[in-house]
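Read the structure below first, then the notes.
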Amino acid sequence: METGGHLRLKAPTRYVELHARSAFSFLRGSSSPEHLAYTAAELDLPALALCDRDGVFGAPRFYTAAREAGVRPLVGSELTMEDGTVVPVLVRSRTGYQNLCRLLSRAKLRAPKHESAVRWDELPEFGEGLAALTGDGEGPLLCALQDGNLPLAQERLQRLQQAFGRDAVFVEIQRHALREEAWHNHRLRELAARQGCRLVATNGVLYATSDRRFALDVFTCARNHTHLDAAGLLLEPNAERQLKPFAAMQALFTDLPEAINNTIDIARDIDFTLKDLGYKFPHFSVAPGETMDSCLAAVTWAGANERYRRITPAVRRQIQRELDLIHRLGFPGYFLIVWDLVRFCRDANIMVQGRGSAANSAVCFSLGITAVDPVGSNLLFERFLSEGRKGWPDIDLDLPSGERRERVIQEVYRRYGRAGAAMTANVITFRGRSAMRETGKALNLPEDIMDRFSRLHAHGDFPHTLEARDQLQKAGLPLAHPRVNAFLTVYQAIQGLPRHLGQHSGGMVICDGRLDSVVPIENASMPGRTVIQWDKDDCEDLGIVKVDLLGLGMMAALQDAIELCRQRGHPVELADLPRNDPATYDLLCRADTIGI
């Protein structure tokens, strides 16, 4: 199915869906990227294009699932334009992907969080490597035709051709059994013929299977702050916008076989997947004549002499073994960058402490990243790093919460630039109470019933104290009522689907070059922060490295306590604290630690 980035077709399949949204369009689609990928495989579609609104939020999960399912994952996005119309674009090459990320980043960074608008005059700058479709009812052509403005529709088509190239713009035809479609499609065909554009058939997919339509209705109500009894024409008129197999699409377009065949030609012309992402971790600058390996060895041994005071044969063997492995795995730059960040914290009088399995590393101890001697404590280094490990090592740094941690974050931005560093995202999903509330509001259920139901629900992501059906019954709702059954269906359907994008508590991604050419960057809610469109798991799956800068209130308390000790003539260092103080141990055994 996928070789060298190109599409190979299985006969007799002759159709590729080029315009599908997932739930990562945030209330504009109701199937996960994985559901779309697996359904495409069941329908024997050779490829599928995911075009989420104003981003590539779901692309990593779609890429992973599609490859597992034997479907070629095509990358795209729907661009919200300055006039409110929506232009779907498809990535044809790595250059096109980089252009899409930079265009989305530009639009996002000048707008408030969760908003963006692309200017028409920006498209030519970023058009290389992209193909454009003309979209559905929100597309620039159909919006003009719905207003009866044929000249405007032609002008917009010409602008798309000027931006992306005459052969990279396709007039999109959809058929969802709606009365007005015949007239609109007739006009679209006229425009395509007049401008020399090829037609392409899509189903404008909003969900993988038709049973997800009701969940989309609930999302539409949430997006428009209304309920199903009042939503009216805001809702989709039928359940036709699911993934369809070749036979179904062929039957819909018997009079336009070229519109079906063109989907295959377009997919064949696409030479990009996320395997070609092009991400590189930054290099660490070293003095002339040095390498990163030699630099790491030098600072490690210098730190070891300071930390251990006397380097025993066991310590020497362990450090050398770790340095050899770090060299073989190609990670010296990572250790040096983390070490340099720790050094900045020490110079700025900001307490920093590596956590987790990094404490098993004698190199990390020697570099001052951690404060526990792993050799003396007989800790297993392989828990942190080993020959068979996939991916990069993970060193998390604990910092005092508040202003001191923010200084470190801003230092990372200063070093790598706003286009080279950003926080990782945190995908907030519908779970438990949020799923219940959104479904209940859409169904216009009484507030007091929802309050009772909410009180029966477990907190956070913990398992339900009661099954949903039992909760509804105890809340006083009749289980036989059709609306209650609808509630259960939708409540279960939207569990785990994305609700909105937040920022990770401390994960930062840094990049050699422009991070905004690897993944779109947008503003976070907090001033001075930016966030990429992928979470930590997506980054790990695609080989993108993050450094965790975690803020802890206890670290602030420890730093204040250590400073008081210094002022009172008893300076201490975490790495030198005794490991077996009997009085402290007795205090802990009595659980007499409040206020300490």
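The values are calculated or read from the model by the stated rules, or taken from the named source; none is laboratory data. The structure displayed is predicted, hence computed values, not measured ones. No Cβ is skipped: glycine too gets one built from the backbone with ideal geometry, and neighbour counts run over all protein chains shown. SASA here: full protein model, heavy atoms, side chains in, ligands and nucleic acids out. Shrake-Rupley method; radii C 1.70, N 1.55, O 1.52, S 1.80 Å.
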Self-check item: Cα coordinate range in the chain, projected on the principal axes (Å, largest first)
Solution: 86, 68, 42
Quiz item: Which value, in Å² and to the nearest 10, is the accessible area of residue 56 when all protein chains are kept and the probe is 1.4 Å?
Solution: 0
Quiz item: Taking the Cα centre of each part, how many Å lie between segment 114-146 and segment 490-516?
Solution: 25
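Which is the longest run of the chain containing none of the GluC sites (Glu not before Pro) found in DSSP loop states (not H, G, I, E, B) with at most 13 other C-beta atoms within 10 Å?
Numbers: sites that count: 82, 115, 180, 290, 387, 467, 573.
It runs 181-289.
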Quiz item: If you wrap a convex hull around the Cα atoms of segment 514-575, how much volume per residue is inside, in Å³?
Solution: 159
Quiz prompt | Mean accessible surface per residue for segment 46-111, computed with a 1.4 Å probe while every protein chain stays in place, in Å² | solution = 24
Quiz prompt | Amide proton proximity set for residue 497, modelled H, under 5 Å, gap of 5+ | solution = 430
Exercise. Just name one of 376, 334, 351: the one whose Cα is farthest towards the positive end of the charge dipole of segment 281-390 (beta-carbon charges, Lys/Arg +1, Asp/Glu -1).
Key: 376
Quiz item: Can you list the HN-Hα couplings for segment 532-539, worked out from phi with the Karplus curve (6.51, -1.76, 1.60; θ = phi - 60°), rounded to whole Hz and with x for Gly and Pro?
Solution: 7, 8, 10, 8, 5, 5, 4, 4
Quiz item: Lysine pairs in the chain with alpha-carbon atoms under 24 Å apart, 8 or more places apart or on different chains: how many are there?
Solution: 17
Self-check item: Surface accessible to a 1.4 Å probe, residue 428 within the full protein complex, Å²
Solution: 50
Quiz item: Alpha carbon centre of segment 528-596 versus segment 376-399: separation in Å?
Solution: 18
Quiz item: Of 537, 211, 54, 293, which has the most accessible area and how do the rest follow, probe 1.4 Å?
Solution: 211, 537, 293, 54
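Per DSSP H run of n ≥ 4, the term is -39500 (n - 2.57); total these for the chain, divide by its residue number, and report the mean residue ellipticity at 222 nm rounded to 500 deg cm²/dmol. The partial results should precede the final answer.
Values: 23 runs with 249 residues, N = 596.
The helix-only estimate for the chain comes to -12500 deg cm²/dmol at 222 nm.
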Quiz item: Once amide H atoms are placed 1.01 Å from N in the peptide plane, what residues at a sequence separation of 5 or more from residue 534, or on another chain, have their amide H within under 5 Å of its amide H?
Solution: 425
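For residue 22, what is the net charge nearby, where nearby means another residue's Cβ is under 14 Å from its Cβ and Lys, Arg count +1, Asp, Glu -1?
Numbers: positive: 21, 28, 53, 61, 212, 241, 499; negative: 17, 34, 52, 54, 78, 538.
That sum, taken over residues with Cβ under 14 Å, equals +1.
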Quiz item: In the chain, carbon and sulfur make up what percent of the accessible area (probe 1.4 Å)?
Solution: 50
Practice problem: Express in whole angstrom the spacing between the alpha-carbon centres of segment 55-91 and segment 239-262. | Solution: 20
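Please work out the average accessible area per residue across segment 284-332, using the 1.4 Å probe convention, and give it in Å².
Numbers: 2860 Å² over 49 residues.
Ligands and nucleic acids excluded, the result is 58 Å² per residue.
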Quiz item: Taking a probe of 1.4 Å, how large is the accessible area per residue of segment 532-596, in Å²?
Solution: 68
Self-check item: ³J(HN,Hα) computed for each position of segment 490-498 - Karplus, 6.51 cos²θ - 1.76 cosθ + 1.60, integer Hz, glycine/proline x
Solution: 6, 3, 6, 5, 8, 4, x, 7, x
Quiz item: Whose amide H sits under 5 Å from the amide H of residue 401, counting only residues 5 or more places off or on another chain, with H placed in the peptide plane?
Solution: 552, 553, 555, 556
Quiz item: Considering segment 125-280, what Rg and Dmax in Å follow from its alpha-carbon atoms?
Solution: 17.2, 52
